[in-house]
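Working notes, structure below.
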Amino acid sequence: MPLLPILRFPDPRLKIVAAAVENIDHTIRRLARDMAETMYEAPGIGLAATQVDVHKRLVVIDVSETRDQLLVLINPKLLESQGVQVCEEGCLSVPGIYDKVERAESVVVGYLDLDGKAQTIAADGMLAVCLQHEIEHLDGHVFVEHLSLLKQTRIKSKLLKQSRITA
């Protein structure tokens, strides 16, 4: 069971735009640890604070096979993007749903680390996809918004039906 409850699409709280983190203190560090534990337990490769109903610009990501290369990004911002790739995506907030989404092939993201130091990361492949996906969560978006309206409606119906069955 994940440590923090993960909001499920179409929960309206997933549409809230996250506020910048003003002070990196023990509360933010604990949130990052709890989010990482939740992400690993779920299991997933990325989690935005928005998904756990904390509307701060904080993301945890680990796309490594060994699950030991945790990235914590505070106030991440997409600085550059190039190319196009289409990858199948899923989301912890949209369980059991996977579909192809077009994203930039490579990105450069600026962020603060847990010590408050400005960092940049250049990424391509799965990490680039994950960075874009999680930053979109902070901006109040879910990957299914890239899909057709018909697919979005079907996904909403399916997840709402599942939530009634498990409730």
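Every read-out reported here was derived from the displayed coordinates using simple, explicitly stated rules and does not represent laboratory data. Source: prediction; values computed, not measured. Here the Cβ positions follow ideal geometry from the backbone for every residue, glycine too, while neighbour counts run over all protein chains shown.
Structure data summary
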quantity	calculated
Filter pass, residue 60 being of a type in the set (Val, Ile, Thr) and either touching a Leu at 6+ places or on another chain (Cβ under 9 Å) or assigned to a loop (DSSP other than H, G, I, E, B) (or both)	yes
Filtered residues of region 28-57 (kept if surrounded by fewer than 21 Cβ atoms within 10 Å (Cβ to Cβ) and basic (Lys, Arg))	29, 30, 33, 56
Residues being part of a loop (DSSP other than H, G, I, E, B) and either free of Cβ contacts under 8 Å to residues at least 60 places away in the same chain or in contact with a Leu (Cβ under 6 Å, 6 or more places away or on another chain) (or both) - total across region 22-45	6
Residue ID - surrounded by the fewest Cβ atoms within 10 Å (Cβ to Cβ), chosen from residues in region 120-167 that are among the acidic types (Asp, Glu) and touching a strand residue (DSSP E or B) at 6+ places or on another chain (Cβ under 6 Å)	124
Single unsatisfied condition, residue 84 versus (1) among the aliphatic types (A, V, I, L, M); (2) over 23 Å from residue 121 (Cα atoms); (3) surrounded by fewer than 19 Cβ atoms within 10 Å (Cβ to Cβ)	(2)
All strands (runs of 3 or more DSSP E) inside region 89-153 with 1 or more residues being without any contact (Cβ under 8 Å) to a residue 24 or more places away in the chain	94-103, 118-124
Scope region 100-149; condition more than 10 Å from the chain's Cα centre (by Cα) and polar (S, T, N, Q); matching residues	106, 119, 120, 148
